[in-house]
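The values are calculated or read from the model by the stated rules, or taken from the named source; none is laboratory data. As the structure is a prediction and not an experimental result, all values here were calculated from the model. Cβ atoms come from the backbone with ideal geometry, glycine included; neighbour counts cover every protein chain shown. Note: areas computed on protein heavy atoms with side chains; ligands, DNA, RNA excluded. Shrake-Rupley method; radii C 1.70, N 1.55, O 1.52, S 1.80 Å.
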Amino acid sequence: LAASAWYTFGSTLLQLGRSAEAASALERVVRDHPGSPHRPYAMLTLATLKVADPSSDKTRAMELFQIVATNPATPRMGAEAWFQLADLQFRLKVYAKSAEAYTQLCRLYPADLRAVEAQLPRAWAEFYAGMPADAVRHADEALAAAATSLGGAREEWLYLKANGQRQLLKYVEAAATYAVLLAEFPQGRLASAAGYENALSLFKAGKFLEA
């Protein structure tokens, strides 16, 4: 009963807002009860606590997410662990690893809600990791699959696609994508940046009058 007791104790402390004590209790489950069914749940919660704590070492959180992701108790837990790992790596600017984790999530758990949420951040991770061709490909897939149902995300997908095209030195194509974005979202949150980058793309393409 020890693992169950420590896990419940930690969860209760967490609900009381005593995060440090909760983390200590959950560490007991992770350290002392490797065969317990409570252990992966404790690891996921503990990793989440470490992410939320600005003073904690995020390396430990990544290790915990990785362990749960590669040996999950349930598919839902596996999907969540891959998503949280990818999100943390993105925030730490480990973009190639983040893109890889998002890809694992989408490959292993395509029906999970997190796989849907992962599409846009995965493409951004690919972009920042120096993989603009992959980012543009995923943008094209998203835009084609949901041309009228992306809502506010459509603006960001267009912006990402245009940036990827510009990174690939496809300045004419990038300018055309920026133009679509500006036509559809003239007052959008990305309109100012898109307008500036559109002018840069036109300049690079030799279209000086339009620039």
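Observations on the structure shown:
- For the peptides 180-190, 154-164, the ranking by mean Cβ contacts within 10 Å, running from highest to lowest, is 154-164, 180-190.
- Whole-Å distance, taken between Cα centres, linking region 108-145 and region 10-35: 35 Å
- Per residue accessible area in Å² of region 1-99, where ligands, DNA and RNA are left out and the probe is 1.4 Å: 52 Å²
- Taking all protein chains together and a 1.4 Å probe, the residues 128, 102, 196 rank 196, 128, 102 from largest to smallest accessible area.
- Of the residues 23, 190, 211, the one whose Cα sits farthest toward the positive end of the charge dipole of the chain, with +1 on the Cβ of Lys and Arg and -1 on the Cβ of Asp and Glu, is 23.
- The chain: angle of helix 75-91 to the longest principal axis, Cα-based, in degrees nearest 10: 60 degrees
- Candidates 45, 70, 177, ranked by Gaussian network fluctuation over the chain, Cα under 10 Å, top entry: 70
- Accessible surface calculations at 1.4 Å, restricted to protein heavy atoms, place region 166-211 at 64 Å² per residue.
- Ordering 37, 3, 85 by the projection of their Cα atoms onto the charge dipole of the chain, which places +1 on the Cβ of Lys and Arg and -1 on the Cβ of Asp and Glu, puts 3 at the extreme positive end.
- The angle separating the long axis of helix 132-145 from the principal Cα axis of greatest extent in the chain is about 90 degrees.
- A 1.4 Å probe, protein heavy atoms only, puts the accessible area of residue 55 near 100 Å².
- Residues of region 8-36 with amide N under 16 Å of a point placed 7 Å along Cα→Cβ from residue 57: 24, 27, 31
- Listed candidates (i) 15.8; (ii) 23.2; (iii) 13.5 - label of the one calculated as mean projected area of the Cα convex hull in nm²: (iii)
- Angle in degrees between helix 2-15 and the longest Cα principal axis of the chain, rounded to the nearest 10: 50 degrees
- Burial ranking of peptide ranges 89-95, 30-36 (average Cβ count within 10 Å, highest at the top): 89-95, 30-36
- Filter on 93/207; 50/97; 161/207; 58/170; 97/207 - keep pairs with C-alpha separation over 31 Å: 93/207; 58/170; 97/207
- Peptide ranges 57-67, 107-117 listed from the most packed, as the mean C-beta count within 10 angstrom indicates: 57-67, 107-117
- Net charge of the neighbourhood of residue 203, taken over other residues with C-beta under 12 Å away and scored Lys/Arg +1, Asp/Glu -1, is +1.
- Protein accessible area in the chain, 1.4 Å probe - carbon and sulfur %: 58 percent
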